[in-house]
1. In this structure, is Val86 touching a residue at least 60 places away in the same chain (Cβ under 8 Å) and within 22 Å of the chain's Cα centre (by Cα)?
2. If you scan the range 85-111, which residues turn out to be part of a strand (DSSP E or B) and among the aliphatic types (A, V, I, L, M)?
3. For the range 11-41, give me the residue count where each residue is under 30 Å from Arg160 (Cβ atoms) and either of a type outside the set (Gly, Ala, Ser) or modelled with pLDDT of 95 or more (or both).
4. Only one of these conditions is not met by Leu104: (1) at pLDDT 90 or above; (2) exposed (fewer than 12 other Cβ atoms within 10 Å of the Cβ). Which number is it?
5. Just a yes or no: is a residue in the range 10-24 in a loop (DSSP other than H, G, I, E, B), touching a Ser or Thr at 6+ places or on another chain (Cβ under 9 Å) and either outside the structural domain of Gly127 (by TED's automatic domain parsing) or among the charged types (D, E, K, R) (or both)?
6. Search the range 62-92 for residues being among the basic types (Lys, Arg) and modelled with pLDDT of 95 or more, and hand back the single one that is farthest from Val17 (Cα to Cα).
7. Limited to the range 122-140, what total is found for residues that are under 29 Å from Ser25 (Cα atoms) and surrounded by 10 or more Cβ atoms within 10 Å (Cβ to Cβ)?
Amino acid sequence: MPATRIQLGVIGRAHGVRGLVKITSHTAEPVDLTAYGPLSDAEGRVLSLRWVADGVAEITRYIDGVPVKVTDRNAAEKLTNTKLFVDRSALPPAEDDEFYLTDLIGLAVTDPAGKAIGTVSIVHDYGAGASLEIERKTGASLIIPFTAACVPTVDIAAGRLVVVEPDEIIVAEDAA
């Protein structure tokens, strides 16, 4: 079942003394973080941001519908690591061969012959490419790079994907 809200960014550390914060945007163009409508935190509290510099924004929280601008460093520091979400309905549908990573969570995983491997439990993306963590019924989780070579088939509608496990690579210890 697709998520109803999708994380598009996160508030980083305070920037200066007037309530500004660093923002990490997960959109293709960082400034587009504000293009999809109101943002909310994990608890559903509504926030808005206004870019003031590259990667730096002022935050306004809405408390009982009343806008309250964050104006000091202490208040900004309390927002550090706040995840920013947008309603899924505000986002365009994914193109062919593109996926919202959140839609991969919960998909059944099989090998090319159709043998069950497990279920996608987490999608890791640290900036150098996504990887899928696959929870298996027995044994440790399996982590697979989310590449066309390792994941040749993704069928969101059918709730499954096919994984080709890469060959194991053994790195010899350096004798130096």
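The values are calculated or read from the model by the stated rules, or taken from the named source; none is laboratory data. Worth saying up front: this structure is predicted, and the values here are computed from it rather than measured. Cβ: placed from backbone, ideal geometry, glycine included. Neighbour counts: every protein chain shown.
1. Working: touching a residue at least 60 places away in the same chain (Cβ under 8 Å): yes; within 22 Å of the chain's Cα centre (by Cα): yes.
So Val86 passes the test.
2. Within the range 85-111, Val86, Ala108, Val109 meet the criteria.
3. Let us first name the residues in the range 11-41 that are under 30 Å from Arg160 (Cβ atoms), namely 26-28, 36.
Then drop every residue that is not either of a type outside the set (Gly, Ala, Ser) or modelled with pLDDT of 95 or more (or both), which leaves 26-27, 36.
Of the residues in that region, 3 qualify.
4. Among (1) at pLDDT 90 or above; (2) exposed (fewer than 12 other Cβ atoms within 10 Å of the Cβ), the lone unmet condition for Leu104 is (2).
5. So in the range 10-24, the residues in a loop (DSSP other than H, G, I, E, B) come out as 16-19.
Those still in the list that are touching a Ser or Thr at 6+ places or on another chain (Cβ under 9 Å) too: 18-19.
Retained after the next criterion (residues that are either outside the structural domain of Gly127 (by TED's automatic domain parsing) or among the charged types (D, E, K, R) (or both)): 18-19.
Looking for residues that are in a loop (DSSP other than H, G, I, E, B), touching a Ser or Thr at 6+ places or on another chain (Cβ under 9 Å) and either outside the structural domain of Gly127 (by TED's automatic domain parsing) or among the charged types (D, E, K, R) (or both), one finds at least one in the range 10-24, hence yes.
6. The selected residue is Lys83.
7. Here the count works out to 11.
Yes/no per residue for (1) part of a loop (DSSP other than H, G, I, E, B); (2) of a type in the set (Gly, Ala, Ser); (3) on the phi < 0 side of the Ramachandran plot; (4) in contact with a His (Cβ under 6 Å, 6 or more places away or on another chain):
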site: Arg61; (1), (2), (3), (4): no, no, yes, no
site: Ala76; (1), (2), (3), (4): no, yes, yes, no
site: Ile122; (1), (2), (3), (4): no, no, yes, no
site: Thr147; (1), (2), (3), (4): yes, no, yes, no
site: Val154; (1), (2), (3), (4): no, no, yes, no
